1. Please go through segment 1-50 and pick out each residue that is of a type in the set (K, R) and assigned to a helix (DSSP H, G or I).
2. Just checking, which of N197, N121 is at pLDDT below 90 and touching a Gly at 6+ places or on another chain (Cβ under 9 Å)?
3. Which condition breaks for I287 when tested against (1) buried (at least 21 other Cβ atoms within 10 Å of the Cβ); (2) part of a helix (DSSP H, G or I)?
4. Select from segment 204-229 the residues that are in a loop (DSSP other than H, G, I, E, B), closer than 24 Å to D260 by Cα, in contact (Cβ under 8 Å) with a residue 12 or more places away in the chain and of a type outside the set (S, T, N, Q) and list them in ascending order.
5. Failed condition for L345, given (1) outside any loop (DSSP other than H, G, I, E, B); (2) out of contact with any Phe, Trp or Tyr (no Cβ under 7 Å at 6 or more places or on another chain); (3) at pLDDT below 90; (4) not assigned by TED's automatic domain parsing to the domain that holds A236, with all others met?
6. Look at segment 277-301 and say how many of its residues are touching an Asp or Glu at 6+ places or on another chain (Cβ under 6 Å) and either of a type in the set (S, T, Y) or closer than 23 Å to L218 by Cβ (or both).
7. Which of the residues that make up segment 299-328 are surrounded by fewer than 20 Cβ atoms within 10 Å (Cβ to Cβ), at pLDDT below 90 and either touching a Gly at 6+ places or on another chain (Cβ under 9 Å) or more than 21 Å from M394 (Cα to Cα) (or both)?
8. From R156, R101, grab the single residue that is modelled with pLDDT under 85 and either part of a loop (DSSP other than H, G, I, E, B) or surrounded by 14 or more Cβ atoms within 10 Å (Cβ to Cβ) (or both).
Amino acid sequence: MSNVYDILKERGYIDQVTYEDELRELFEKKSVTFYIGFDATADSLTLGHFIQIMVMMHAQRAGHRPIALLGGGTTMIGDPSGRTDMRKILTKEDIDANAARFKKQFERFLDFDEGKAILANNADWLLDLNFLEFMREIGVHFSVNRMLTMDCYKNRLEKGLTFFEFSYLLMQSYDYLQLYRRYNCKLQVGGSDQWSNILGGYELIRKLEQDKVYAMTLKLLTTAAGEKMGKTAKGAIWLDPDKTSPYELYQYLRNTDDRDVEKFLALLTFLPMEEVRRLGALEGAEINKAKEVLAFEVTKLTHGEEEAAKAEKAAKSLFMGGKEEGSIPFTEFDKSEFEEGIGILDLLTRTGLTKSNSEGRRLVEQNGISIDDVKITDIGKIITLEDFKDGKLMIRKGKKVYHQVRIK
């Protein structure tokens, strides 16, 4: 199967698409330039972004040219899609710093040599726009009545929608037009919640340039329970190893719901579909082997084979009751802090294992916290230097979450 459209469809990426047969034929006959936008709202991409990165890698491997568009301009506005309140406004300095971090992460996944992929930033054409000129050229092609029927705006009208956010559709549509004019970009790809925004640019180019372009959305990465994949009690699963360690990523994927294993293998790895189906069909305890393959393959793609092997070794060692540290996440404290001691609830929040004292109290009362395999039953427990062995102790939350505390 050489047509990348067929590959994406078989593996379950595609949600909606304009003129499916035409787009498939275009992928068959030509090298297609397409783009996906990433607003720089944080200093790292997340596991939720990885499905879009996988699509870009699949397409590049098939000879097409992806554009990773950094939202240095649109991040200053805020996209109302799928939101119930206004997105936090970041400073230009923060946005630029986040975009620079994104750039380094994309370079791990895509080949930018000799124009095989393009990294663009919409700050280059949005930040110096003349308002009146922009409205005369672009704004006249958008109907306010129609925009107000779109879910991304309609859902916000009762709680309040600023004109600042209302203009996001125009800005994203203008991005598509700019990339069409600069790089002959013929396709915009995004998450399923971006359909309205993507159609805006698709229609704008057809009006102004009288050319055929296309729009495609991808299914959001959700679990069988209906939750967004890549979210935990501690927050997002990041692709930056300093924010989410390879071990934490491995363990998160290793704990995938049985019902999601085949889907995630198809979406998040390059394993042949025959192997994906074979692993997904395993039952009972055997399905754990498929989860280990999923965890290893995704960790290898994001952090390299060496880190994946270390994470796998650490996870298996802990499962067998060993003390292999590997890449188990840890927090380092100054030795002096434990001379008088730190309360167990405070220690749990400071290591990121809980978000609040009430959560920690509940876990202790439910026998969900152990230190060096000893259950903690007293919410008033004070951890002192006497609790450490060779300057370390291991906290276990539940059955599978481990975190090491080290003193220096």
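1. First, pick out the residues of segment 1-50 that are of a type in the set (K, R): 9, 11, 24, 29-30.
K9, R11, R24, K29, listed by residue number.
2. Values: N121 fails: at pLDDT below 90.
Matching residue, one of N197, N121: N197.
3. (1)
4. Start the filter on segment 204-229 by keeping residues that are in a loop (DSSP other than H, G, I, E, B), which leaves 210-213, 219-221, 223-227, 229.
Keeping just the survivors that are closer than 24 Å to D260 by Cα gives 219-221, 223-227, 229.
The next check asks that each one be in contact (Cβ under 8 Å) with a residue 12 or more places away in the chain; those that pass are 219-221, 223-225, 229.
Across segment 204-229, the qualifying residues are K219, L220, L221, A224, A225, M229.
5. Result: L345 fails condition (3) only.
6. Start the filter on segment 277-301 by keeping residues that are touching an Asp or Glu at 6+ places or on another chain (Cβ under 6 Å), which leaves 280, 287, 296.
Those still in the list that are either of a type in the set (S, T, Y) or closer than 23 Å to L218 by Cβ (or both) too: 280.
Adding up the residues that qualify gives 1.
7. Result: K313, K316, S317.
8. Values: R101 fails: modelled with pLDDT under 85.
Within the list R156, R101, the selection yields R156.
The values are calculated or read from the model by the stated rules, or taken from the named source; none is laboratory data. Everything quoted here is computed from the prediction, not taken from an experiment. Heads up, the Cβs are rebuilt from the backbone with ideal geometry, glycines too, and the neighbour counts pull from every protein chain shown.
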